[in-house]
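Report on the structure given below.
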């Protein structure tokens, strides 16, 4: 597993990280033993960057990570998020409440200070007011958090955060089916030493190439209840693309790829070919998925011709299908 520096944190993080939303049982039940096996599989594959949030399972994901990390001699880097719990979202933000949320996360994770605390897709007006970022500066100075960043939905939000002098990282939606950040954000992130953490690298599983029109999801899975944006931002589910259209686009792209390439490997390697990306946080509900995702770190870069093919396909076939803005 190769590593990269995560912006101003200076942390050496694994190119492939582990997204831990599923450990909150938010995609369906995951037993404690299975959750521990997923985490341990990640470590066995060289993954030492984990991303969670206080709202994943109402703190269950953080709690499970905290219990598991007690068994380790070498501690991984753990990022969490703040700003979406019912005490705060959508209009209950205060410095005291945010501080309390961060301290509760640290307690569940079993750490004195959170490695990286990220604002969690907070409302646009709240983000742009700047108060939250100023509070995070104070919490860093107080030693509650070591570094702070933001997880955002839109590129204008990312660019706004990127200009903050102390922000260390940005977590963004970015994949073969959502490429605009290549030109509009990544150069600015590089200039300002902001690490890029990629979520939704496989467009909620579309880019695994293993889904069909008859694929069914648990009623607890956001791919069931949020496919049209009923619960939260539509872009967080299938990249904002209607499921049926997404399946058709995947099949069309498969036809264009050279025989020696499969769509999952190409999708992950395309992201890693962007030097400003620090880590991809790929979710996994089974250990075998962790192993499969981790293998992308050792794949060779894609050819210029393949990059051109993917850019053209996105521009001509995909971009106009994305709902909710970019």
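For the reader, a short list of remarks on this structure follows.
- All of 83, 7 fail the test of being in contact (Cβ under 8 Å) with a residue 12 or more places away in the chain, closer than 29 Å to residue 224 by Cβ, in contact with a strand residue (DSSP E or B) (Cβ under 7 Å, 6 or more places away or on another chain) and crowded, with 16+ Cβ neighbours inside 10 Å, apart from 83.
- Those residues of the range 59-76 which are buried (at least 20 other Cβ atoms within 10 Å of the Cβ) and either out of contact with any helix residue (DSSP H, G or I) (no Cβ under 7 Å at 6 or more places or on another chain) or assigned to a loop (DSSP other than H, G, I, E, B) (or both), in sequence order: 76
- Taking the numbered list (1) within 17 Å of residue 319 (Cα to Cα); (2) buried (at least 19 other Cβ atoms within 10 Å of the Cβ) in turn, residue 199 passes all entries but (1).
- Sole exception among (1) free of Cβ contacts under 8 Å to residues at least 60 places away in the same chain; (2) touching a helix residue (DSSP H, G or I) at 6+ places or on another chain (Cβ under 8 Å); (3) on the phi > 0 side of the Ramachandran plot for residue 39, by number: (3)
- Helices (runs of 4 or more DSSP H) lying entirely in the range 232-326 (those with 1 or more residues that are surrounded by fewer than 16 Cβ atoms within 10 Å (Cβ to Cβ), at pLDDT below 95 and under 23 Å from the mean Cα position of the chain (by Cα)): 287-294
- Output for the range 17-36, where each listed residue is under 17 Å from the mean Cα position of the chain (by Cα) and without any contact (Cβ under 8 Å) to a residue 60 or more places away in the chain: 23, 24
- Residue 200 being touching a strand residue (DSSP E or B) at 6+ places or on another chain (Cβ under 9 Å), at pLDDT 95 or above and closer than 22 Å to residue 29 by Cα: yes
- Evaluation of residue 207 against the conditions (1) in contact with a strand residue (DSSP E or B) (Cβ under 9 Å, 6 or more places away or on another chain); (2) surrounded by 13 or more Cβ atoms within 10 Å (Cβ to Cβ); (3) not in a helix (DSSP H, G or I) shows that the sole unmet condition is (3).
The values are calculated or read from the model by the stated rules, or taken from the named source; none is laboratory data. Quantities reported herein were computed from a predicted structural model and do not represent experimental measurements. Here Cβ is always computed from backbone atoms with ideal geometry, including for glycine, and neighbour counts include all displayed protein chains.
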